[in-house]
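Take a look at the structure set out below.
The values are calculated or read from the model by the stated rules, or taken from the named source; none is laboratory data. Note that the structure is a prediction, hence the values are computed from the model and not measured. For neighbour counting, all protein chains shown are included, and Cβ atoms are generated from backbone atoms with ideal geometry for every residue, glycine included. For the accessible areas, the whole protein counts, side chains as well, though only heavy atoms, and no ligand, DNA or RNA atoms are used. Shrake-Rupley method; radii C 1.70, N 1.55, O 1.52, S 1.80 Å.
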Amino acid sequence: MKKRLTAASLAALMAVTTLPISACAAASNETDGAPVPQLNTADHMQYMNGYADGTFRPDIPIIRAEACKLIASLLTTKAANGDHLFTDVDVSAWYADAVRQMAGFGLVSGYADGTFLPDMAITRAEFVTILARFPHDDIGTERTFADVPASHWAHGAVQTALAQGWISGDPSGLFRPDDPITRAETVAILNRVLGRAGDAVTAATSEGIRIMPDVPDTHWAYLDMLEATTDHEYEITDGIESWTGFDREVSGLAEGWQNISGMLFHVNADGQFDHNVVIDNLELDRNGRYTTGSEELDRLLAPAVGNVLKDGLTQMERLRAVYLYAKGSFGYLGIGEVDTSKAGWEIEQAINMLKTGRGNCYSWASLFTYLARQVGYDAKTVVGTGVSPKGSESVHAWTEITIDGTAYTFDPQIESVYAARYDEYYDLFMKPYGEAEWGYKKSDEPQSPEEPQEPEADAALVSLMEKVYGNKPYGGMVMQTPLYSGMGADGMSRGLQWYLGTEDIAFEAGLASESAITSQAHSVVLLRLADGADVDAAKSKLAESVDPRKWICVGVADENVKIDSVGNLVCVIMDDENADYYLENFRSIAVAE
């Protein structure tokens, strides 16, 4: 049969292992009267299976017991010597009969102490040594492996395997004889010994083909694994194997969404993995995996989710698990608003959050949206208005999931930041709109705002504000806004409620200096009240009404909210770094002026 090996396959099919030859392969069976083993090359039955979750686990090594089981399942006859066992092979062991058959044919033997060591990994040299014991035509080759010299105990077997085309070396000319042989390498070599090759056309075009969650169709040994795990009928045309029928793959998993190795799959009513379909607005690719549409984000999400989820969780418990991960694994970074009109902004934010470990509400909402989708929920990121417990409003982003007809909000960002910074603890997991301690308002359709009638900033307050900052100006960009009665009446700009928490204080002039980035908490407000005004009453009202949580994503600690007056000038400071410094400047400078 014509062998079809890709370059990737040739690089990976390097071959087998190394134990003393007596440990794994017996002496030649070509003596008179010795049984001659034969492999079944006519029937293309399944000879290796996956695990209960459908995975193949191509990179894990096989053990000596498994090697015997695999090869013995392909024998056409049983050995006459059926009584030979080893001291460490119990007669009731799942591999006992296979070891007995292999020993009976002289394919394996044990150690001098009578043991077989069935649970020890078998090396690449050991594995090809067993295969070289089967009858074959002697074919010479001038090729050799640099790490299998003529003095190596498995040199003859490795040269046989190389000449037969069962194995190849890596680009550096090495065979790695002492490495444990992996499951993928095992089936690749066995298929070549058996003259079998997977059918790429059937694999790509047929419904019901086995999907292995941990093996994409781009894996170098994908077709070999498919060939080994699928009972099928076939025909050979011009040396090429074509499948004419096959047993459909059925998993042992329950119908519905399944998380396997951090990736999301869907099992249908027939027990098969769905693929190339959209279910619950979640896209499954040709390998049955949910995809975000970004290969980079897919790669980052899988290990993150895989490390969080434990076996036996319900889907709701999986949602809670990824929420706790989002809440507890990242730090806050005030990076300002995000251009949400740009296509792919949520993917970009989620990737940056996973790579840097920091972000703002846009980052948190985007990441949790994809984490929730990764466990089977049709989640979406919402950008709207967040409402603090005191009623202050600011732009904010959160995640929304509709479950059984009810839309729920999820906000790990506020939970995380307020617990870490202010020892304030909220439960914002899966709350219907209007039932959380914090409020969430979806944005209406944008409207063109009218130009507000904004007065000129009071020159004396502007000068005083500069002196309040002194030699410790705020580290971020600030925006100074004149305050006046009726501001914000257009519904599009911020009013006194935002700056003071109340509209019930009368003043002649006001000036607010606040962070231009709403995800950074900083505010200094100066008010000049009318002569004879009740300044103490105004301060009491401000102490009651100002909201250090008004930025929503982040806030200011209560002890860093400072309110004081000098004459008819009132100063309100909210800043976690320099509040005391600004207040002292206000007191000294206002007196002087």
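Is the chain best put as rounded, prolate or oblate by its Cα gyration tensor, with a ≥ b ≥ c the root eigenvalues, rounded for a/c under 1.5, and otherwise prolate when a/b is larger than b/c, oblate when not?
Details: a/c = 3.71, a/b = 3.09, b/c = 1.20.
Cα axes put the chain in the prolate bin.
Sites listed here are chymotrypsin sites (Phe, Trp or Tyr not before Pro) in segment 324-426 whose DSSP assignment is loop and whose Cβ has at most 16 other Cβ atoms within 10 Å: Tyr425, Tyr426. Taking the accessible area of segment 49-208, probe 1.4 Å, and keeping the other protein chains in place, the carbon and sulfur fraction comes to 53%. Kindly express, to the nearest 10 degrees and within the range 0 to 90, the angle between helix 361-373's C-alpha long axis and the longest C-alpha principal axis of the chain. Roughly 30 degrees between the two axes. Accessible surface calculations at 1.4 Å, restricted to protein heavy atoms, place the chain at 45 Å² per residue. Per-residue ellipticity at 222 nm for the chain, helices alone: DSSP H runs ≥ 4 residues times -39500 (n - 2.57), over residue total, nearest 500 deg cm²/dmol? Value at 222 nm, helices only: -9000 deg cm²/dmol. Among Lys69/Lys310; Lys342/Lys390; Lys390/Lys472; Lys380/Lys550; Lys541/Lys562, which pairs are too far apart, with a Cα-Cα distance over 22 Å? Listed pairs above 22 Å: Lys69/Lys310; Lys342/Lys390; Lys390/Lys472; Lys380/Lys550.
Quick check: residue separation of Glu508 and Arg248 times 0.36 nm, minus the Cα distance between them. What number comes out in nm?
85.5 nm
Where does the charge balance sit around Ile122 when Lys and Arg score +1, Asp and Glu -1, over other residues with C-beta under 13 Å from its C-beta? Value of the local net charge: -2. Spacing of the modelled spin labels on Val535 and Ser151, each 7 Å from Cα toward Cβ, amounts to 9.8 nm.
In segment 220-373, what percent of the accessible surface is made up of carbon and sulfur (1.4 Å probe, ligands and nucleic acids excluded)? Display every interim value, and only then the final one.
Values: 3060 of 6960 Å².
Here it works out to 44 percent.
Under the rule a/c < 1.5 gives rounded, and otherwise a/b versus b/c splits prolate from oblate, where does segment 416-568 land using the Cα gyration tensor? It comes out prolate by the Cα gyration axes.
Averaging the Cα positions of each part gives two centres, and for segment 302-319 and segment 262-282 these lie 17 Å apart.
Note on the chain: dipole from Cβ charges, positive end direction compared against Asn471, Leu483, Gly114; the farthest Cα belongs to Gly114. The mean of 1/r over all distinct Cα pairs in segment 111-220, once inverted, gives the Kirkwood hydrodynamic radius of 16.0 Å. Taking the 1.4 Å solvent-accessible surface of segment 476-541 as the whole, the part contributed by carbon and sulfur is 48%. Could you tell me how many degrees, from 0 to 90 and to the nearest 10, lie between the Cα long axis of helix 412-422 and the main elongation axis, the longest principal axis, of the Cα atoms of the chain? That helix lies at roughly 60 degrees to the long axis. For Ile517, the accessible area of its heavy atoms, probed at 1.4 Å with every protein chain present, is near 50 square angstrom. Compared with the dominant Cα axis of the chain, that is its longest principal axis, helix 183-194 is turned about 30°. Neighbours of Val108, meaning other residues whose beta-carbon lies under 13 angstrom from its beta-carbon, give a summed charge of +2 when Lys and Arg score +1 and Asp and Glu score -1. Using the alpha-carbon centroid of each, what span in Å lies between segment 186-212 and segment 555-590? Comparing the Cα centres of segment 186-212 and segment 555-590, I get a distance of 74 Å.
What is segment 40-118 by shape, rounded, prolate or oblate, if you read a ≥ b ≥ c off the alpha carbon gyration tensor as root eigenvalues and call it rounded for a/c under 1.5, prolate for a/b larger than b/c, and oblate otherwise? List each step's numbers first, then the result.
Numbers: a/c = 2.27, a/b = 1.34, b/c = 1.70.
It comes out oblate by the Cα gyration axes.
On a full-extension model of 0.36 nm per residue, what is the gain between His275 and Glu337, subtracting their alpha-carbon distance, rounded to one decimal in nm?
Values: separation 62, 0.36 × 62 = 22.32 nm, distance 3.70 nm.
This chain segment gains 18.6 nm when fully extended.
Can you check what the net charge comes to around Glu400, using other residues whose Cβ is under 15 Å from the Cβ of Glu400 (Lys, Arg +1; Asp, Glu -1)? Taking every Cβ under 15 Å from that of Glu400, the sum is -1.
Looking only at the chain, where both bridge partners belong to it, what percent of the DSSP beta bridges are antiparallel (to the nearest 5)?
Values: 65 of 67 bridges.
Percent antiparallel among DSSP bridges in the chain is about 95.
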